[in-house]
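For reference, the structure discussed in these notes is given below.
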Amino acid sequence: EDEELVRKATTRILSISGYSIIVAENAEEALQLRENSKTPIDLVISDMVMPGMGGDKLAMRLNELDPRLRILLISGYTDNARVQNYPFLSKPFTPEELLRKVREVLDA
């Protein structure tokens, strides 16, 4: 998520709910964190529309590195929900909607 307010709110919601979080401000940083991580990463949440590499391309690159990695794409542009092969959550979302979708994706 490139929007700081949304990134911080999402991080806070997930942290309070017991999830361990690694934060990246853009797709390139997310790829670098994934490649260098010693800790297993179970889920990546990415905005679809970001400067540089968008969430859909990030998802494809991450799946090349680890096909088992689960990815949740979010966007305020609901048209994106129909064109992607990844779980999707429309912004704005409530904390409850975020937590429900994260659990759904992790349990899939």
Query raised in the report: Taking the chain as a Gaussian network, Cα atoms linked when under 10 Å apart, which of Ile45, Ile22, Ile71 shows the biggest mean-square fluctuation?
Result: Ile22
Requested in this report: For segment 1-51, just list the percent of Cα-Cα distances falling in each 10 Å bin from zero outward, please.
Outcome: 23, 56, 20
Requested in this report: Report ³J(HN,Hα) in whole Hz for each residue of segment 93-108, in order, from the Karplus equation J = 6.51 cos²θ - 1.76 cosθ + 1.60 where θ = phi - 60°; Gly and Pro get x.
Outcome: 10, 8, x, 5, 5, 4, 5, 5, 5, 4, 4, 4, 5, 5, 7, 5
Report summary line: So for segment 29-71, using the alpha carbon gyration tensor with a ≥ b ≥ c as root eigenvalues (a/c under 1.5 gives rounded; past that, a/b versus b/c decides prolate or oblate), I'd call it prolate
Query raised in the report: Can you tell which of Gly54, Leu65, Leu106 lies farthest toward the positive end of the dipole of segment 11-108, using +1 and -1 charges on the Cβ of basic and acidic side chains (Lys, Arg; Asp, Glu)?
Result: Leu106
Query raised in the report: In terms of modelled amide H atoms, which long-range or inter-chain residues lie less than 5 Å from the amide H of Met50?
Result: Gly55
Report task. Express in nm, to one decimal, how much length is gained between Ile21 and Leu69 on full extension, taking 0.36 nm for each residue of separation and deducting their alpha carbon distance. Result -> 15.8 nm
Query - Long-range amide H partners of Leu89 with built H, under 5 Å - result: Leu73, Ile74, Ser75
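For Glu104 and Leu31 in one chain, what is 0.36 nm times their gap in residues minus the Cα-Cα distance, to one decimal in nm?
Details: separation 73, 0.36 × 73 = 26.28 nm, distance 2.37 nm.
Gain in length upon complete extension: 23.9 nm.
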**Report entry** Which labelled figure in [x] 0.98; [y] 1.22; [z] 1.33 is Cα Rg over 2.2 N^0.38 Å, once derived from the coordinates
**Finding:** [x]
Requested in this report: Compute, for Ser17, the solvent-accessible surface of its heavy atoms (probe 1.4 Å) with the complete set of protein chains present, and express it in square angstrom to the nearest 10.
Outcome: 60
Query raised in the report: Using θ = phi - 60° and the Karplus form 6.51 cos²θ - 1.76 cosθ + 1.60, what ³J(HN,Hα) does each residue of segment 21-26 get, whole Hz, x for Gly and Pro?
Result: 10, 10, 10, 10, 8, 7
Report summary line: Treating only Lys and Arg (+1) and Asp and Glu (-1) as charged, each at its beta carbon, one finds that segment 32-108 has a dipole about its Cα centre, in Debye to the nearest 20, of 80
Report summary line: For Val44, other-chain or 5+-apart residues with amide H closer than 5 Å (H placed, Pro excluded) are Arg70, Ile71, Leu72
Report summary line: Phi angles of segment 32-37, converted by Karplus (6.51 cos²θ - 1.76 cosθ + 1.60, θ = phi - 60°) into ³J(HN,Hα) in whole Hz with x for Gly and Pro, give 5, 4, 5, 5, 9, 6
Requested in this report: Could you pull the accessible area for Tyr77 with a 1.4 Å probe, rounded to 10 Å²?
Outcome: 140
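The values are calculated or read from the model by the stated rules, or taken from the named source; none is laboratory data. Small disclaimer: the values here were computed from a predicted structure and weren't measured. In this analysis, Cβ positions are derived from the backbone assuming ideal geometry, glycine residues included, and neighbour counts consider all displayed protein chains. These area figures cover heavy atoms from the full protein model, side chains too; ligands, DNA and RNA do not enter into them. Shrake-Rupley method; radii C 1.70, N 1.55, O 1.52, S 1.80 Å.
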